[in-house]
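Visitor: Structure incoming, see below.
The values are calculated or read from the model by the stated rules, or taken from the named source; none is laboratory data. Every value quoted in this text rests on a predicted model; they were computed, and no experiment measured them. Please note: Cβ atoms are built from the backbone with ideal geometry, for glycine as well, and neighbour counts cover all protein chains shown. To get the accessible areas, we keep the full protein, side chains included, count just its heavy atoms, and leave off ligands, DNA and RNA. Shrake-Rupley method; radii C 1.70, N 1.55, O 1.52, S 1.80 Å.
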Amino acid sequence: PGNIGPPNGSPSRFFIHLLMMVISCTMAIVIETFVYARQKEEESIMANNENLETQLKLLKSQINPHFLFNALNNIYALSVTNSDKTQQSIGTLSNMLRYVLYDCDRQWVPLAKEVDYIKDYLELFALKSSKELPITMDLEIADDAILIAPMLLVPFVENALKHGNISSAT
């Protein structure tokens with residue numbers, strides 16, 4: 001008389017269906033929670049990558065305005081005294097700007113292009129002094145086709161020139 005299930009002692013169909021429904025809902029909630037957490041993690045990683053990419057683009061776009069201004073002034077001064085060197089300096093500056101504008105948009109550049117940029121940078125830097133500056137660049141590169149991030153090495157060169165008292169070394 002007080003028996004809920006069938007007379008043989010097994011659970012009723014209603015109880016089995018209810019149990020299946022609870023298990024299905026629980027699994028669906030667990031799966032949905034896992035998918036949601038994974039989606040949020042991917043969104044967080046993408047936002048972080050976009051932030052880093054934006055910062056990198058900003059750094060790449062910041063060719064030192066002071067250096068550019070000095071280079072143009074030095075080339076202008078050269079135009080009065082040495083037209084051959086003026087043409088060469090304008091070509092050097094053009095190469096540098098081409099590298100910054102076109103090659104630095106890529107994620108990776110050949111090491112040779114970065115080294116060429118540094119050589120051009122040093123050449124234009126030397127223009128600002130009427131004396132011969134003791135700047136040398138000795139490189140032993142096994143494979144100059146190795147890819148690196150563009151403008152990676154330039155801050156080291158800039159800081160070495162800025163803080164190295166190169167003007168007093170002559």
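Visitor: Would you please give the residues with an amide H less than 5 Å from that of Ile148, counting only those at least 5 places away or on a separate chain, with H modeled from the backbone geometry?
Guide: Val109, Leu111
Visitor: If you don't mind, another one. GNM, the chain, Cα, under 10 Å: largest mean-square fluctuation among Ile29, Ile148, Ile75?
Guide: Per the Cα network of the chain with a 10 Å cutoff, Ile29 tops the list.
Visitor: Per-residue accessible area for His163 at 1.4 Å probe radius, Å² rounded to 10?
Guide: We get 130 Å² for His163.
Visitor: I would also like to ask the following. Sort Phe125, Phe69 from largest to smallest accessible area, using a 1.4 Å probe on the heavy atoms of the protein chains.
Guide: Values: Phe125 20, Phe69 125 Å².
Result of the area sort, largest leading: Phe69, Phe125.
Visitor: Same structure, new question: Hey, can you grab everything whose amide H is under 5 Å from the amide H of Arg106? Only 5+ residues off in sequence or another chain; H modelled, so Pro and N-termini drop out.
Guide: Here nothing satisfies the definition.
Visitor: Does a label point 7 Å from the Cα of Glu43, set along Cα-to-beta-carbon, have any residues of segment 20-36 with amide nitrogen under 12 Å, and which are they?
Guide: 36
Visitor: Please give the charge dipole size of the chain, origin at the Cα centre, charges +1 on K and R Cβ atoms and -1 on D and E Cβ atoms. Round to the nearest 20 debye. Each step should come with its number before you reach the end.
Guide: Details: 13 positive and 19 negative charges, 100 e Å.
Charge dipole of the chain: 480 debye, to the nearest 20.
Visitor: While we're here: Out of the total accessible area of the chain (probe 1.4 Å, heavy atoms of protein only), what percent is carbon and sulfur?
Guide: Percent of accessible area from carbon and sulfur atoms in the chain: 60.
Visitor: Counting residues in segment 127-170 as N, plug N into 2.2 N^0.38 Å and put the Cα Rg over that result.
Guide: Numbers: Rg = 13.6 Å, N = 44, 2.2 N^0.38 = 9.3 Å.
Here the answer is 1.46, to two decimals.
Visitor: Let me ask something additional. Send over the Kirkwood Rh of segment 81-170, from the inverse of the averaged 1/r over different Cα pairs, rounded to one decimal Å.
Guide: 14.3
Visitor: Sticking with this structure for a sec: Keeping every protein chain in place, order Asp138, Asp143, Asp103 by accessible area at 1.4 Å, biggest value first, i.e. largest first.
Guide: Asp138, Asp143, Asp103
Visitor: May I ask for the angle, rounded to the nearest 10°, between helix 13-61 and the longest principal axis of the chain, with both axes built from Cα atoms and the value confined to 0 to 90°?
Guide: That helix lies at roughly 10 degrees to the long axis.
Visitor: How large is ³J(HN,Hα) for each residue in segment 70-84, as worked out from phi by the Karplus curve 6.51 cos²θ - 1.76 cosθ + 1.60 (θ = phi - 60°), to whole Hz, x for Gly and Pro?
Guide: 4, 4, 5, 5, 5, 5, 4, 4, 5, 4, 7, 9, 9, 5, 5
Visitor: Sorting Thr81, Thr92 by accessible area (1.4 Å probe), largest first, what list results? Don't skip to the answer; put the middle values down first.
Guide: On the way: Thr81 110, Thr92 10 Å².
In descending accessible area the options line up as Thr81, Thr92.
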